[in-house]
């Protein structure tokens, strides 16, 4: 757009110089008079063609160039006469906003009326200030099209002044940046999610380390301490008491082994790659859902399907996160897990009948870094080409669906 405007400004200045030369008749080429009073044409122009009419190839050439520049530009070029507030528009005005030449108001007020009310005062005051004492002006605002919809535009103008500094015209162009702005907002949203996710990753790492340390200390550490104390006591007891102490120590060692096994399974379930996704999920359900917890049903149509390591882990984590959320927050009575494979795509659905939640509120909390489990799941799936969808409403339970391409 800058090139088109600069070209238009350059040739506009050329035309102004030419027009000032034709002080008597702007449509006539000034003539030279020789010493004998015989009228001759100015160099570079054609002679008179009759009735005082003079052809103007130089002016026609410049005007045609401006017209072609305006037509070639994708923006809406404009020329504002500051003395009369009349505005000329290029064909881009119709192409961008739908107004034909006979429908566009040639007065500045017509343009101003189409600016969004919330933007109008700011735009007009900035434009007037620039016309008075600046070389140029630029602003972005919402502009109403012929169909009544608003688009976001970027508008730039350059001020032309008389030799004494008096502003006489401003030439510029409007660009529709609606798509660009939407892309920018989308990128900003992605960046906010990435920042929230990065913060959550760090928190999750620390929380996981703290959990492992706590379980090792509180559970396994206590068990080993008790075993040590019982064995020391057995060394000082009579044989029968020693036997009882040793039997108790064996049971406590078994409990320690189970604690280590459970911790290991939480970190990475070995049966996932050995026996498949359905088996690993069934183990997760048996292990995580307490006897007095919600009932559950696992339906799998995967058969002997073997998944790549990363996709298998991702699918398992999706189910694990959905189950964990249901147990912690949903107050559900029943959880359904459905696994299927259709057209080369692994489909996962986890549905609970709990209290549900408000989606917009959950999204806001996620962006604030308070609860980014779903963002984490979506990022995991995107890394392997998958998709995640979550639907919920207060009192309507929650449904988590994931799709992973197998190829």
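The values are calculated or read from the model by the stated rules, or taken from the named source; none is laboratory data. Just so you know, these numbers come straight off a predicted model, no measurement behind them. Cβ coordinates were reconstructed from backbone atoms using ideal geometry, including for glycine residues, and neighbour counts include every protein chain displayed.
Can you tell me which residue is modelled with the lowest pLDDT among those in region 371-387 that are assigned to a helix (DSSP H, G or I) and surrounded by fewer than 17 Cβ atoms within 10 Å (Cβ to Cβ)? Give the steps one after another, and end with the answer.
Going residue by residue through region 371-387, those that are assigned to a helix (DSSP H, G or I) are 373-383.
Subset that is surrounded by fewer than 17 Cβ atoms within 10 Å (Cβ to Cβ): 373, 379, 382-383.
On the way: 373: 65, 379: 78, 382: 83, 383: 79.
Here the residue is 373.
So if I check each of 297, 326, which one is loosely packed, with under 15 Cβ neighbours inside 10 Å and either free of Cβ contacts under 8 Å to residues at least 60 places away in the same chain or under 30 Å from residue 394 (Cβ atoms) (or both)?
297
Only one of 278, 204 is modelled with pLDDT of 85 or more, surrounded by 14 or more Cβ atoms within 10 Å (Cβ to Cβ) and either in a strand (DSSP E or B) or within 38 Å of the chain's Cα centre (by Cα) (or both); which?
Working: 204 fails: modelled with pLDDT of 85 or more.
After ruling out the rest, the residue left standing is 278.
Tell me, which strands (runs of 3 or more DSSP E) lie completely within region 293-370 with 1 or more residues that are over 32 Å from the mean Cα position of the chain (by Cα) and assigned by TED's automatic domain parsing to the domain that holds residue 282? Quick ask: steps written out before the conclusion?
Details: elements: 295-300, 334-342, 345-352.
Counting at least 1 such residues, we get 295-300, 334-342.
Just one of (1) assigned to a helix (DSSP H, G or I); (2) under 17 Å from residue 80 (Cα atoms) trips up residue 184, so point out which.
So residue 184 meets the others, but not (2).
May I ask you to verify whether residue 179 is surrounded by fewer than 16 Cβ atoms within 10 Å (Cβ to Cβ), part of a helix (DSSP H, G or I) and touching a helix residue (DSSP H, G or I) at 6+ places or on another chain (Cβ under 8 Å)?
Working: surrounded by fewer than 16 Cβ atoms within 10 Å (Cβ to Cβ): yes; part of a helix (DSSP H, G or I): yes; touching a helix residue (DSSP H, G or I) at 6+ places or on another chain (Cβ under 8 Å): no.
No; evaluated as a whole, the condition is false for this residue.
Do we have any residue at all in region 133-153 that's in a helix (DSSP H, G or I) and in the same structural domain as residue 76 (by TED's automatic domain parsing)?
Yes, that holds for at least one residue.
So if I check each of 368, 321, which one is modelled with pLDDT under 90 and closer than 25 Å to residue 273 by Cα?
Details: 368 fails: closer than 25 Å to residue 273 by Cα.
Selected residue: 321, the only one of 368, 321 that is modelled with pLDDT under 90 and closer than 25 Å to residue 273 by Cα.
State yes or no: is residue 214 more than 30 Å from residue 364 (Cβ to Cβ), at pLDDT below 90 and in contact with a strand residue (DSSP E or B) (Cβ under 8 Å, 6 or more places away or on another chain)? Outline the logic, then answer.
Values: more than 30 Å from residue 364 (Cβ to Cβ): yes; at pLDDT below 90: yes; in contact with a strand residue (DSSP E or B) (Cβ under 8 Å, 6 or more places away or on another chain): no.
No.
Being modelled with pLDDT of 85 or more, in the same structural domain as residue 166 (by TED's automatic domain parsing) and either surrounded by 14 or more Cβ atoms within 10 Å (Cβ to Cβ) or more than 21 Å from residue 158 (Cα to Cα) (or both) is the requirement here; does residue 120 meet it?
Values: modelled with pLDDT of 85 or more: yes; in the same structural domain as residue 166 (by TED's automatic domain parsing): yes; either surrounded by 14 or more Cβ atoms within 10 Å (Cβ to Cβ) or more than 21 Å from residue 158 (Cα to Cα) (or both): yes.
So residue 120 passes the test.
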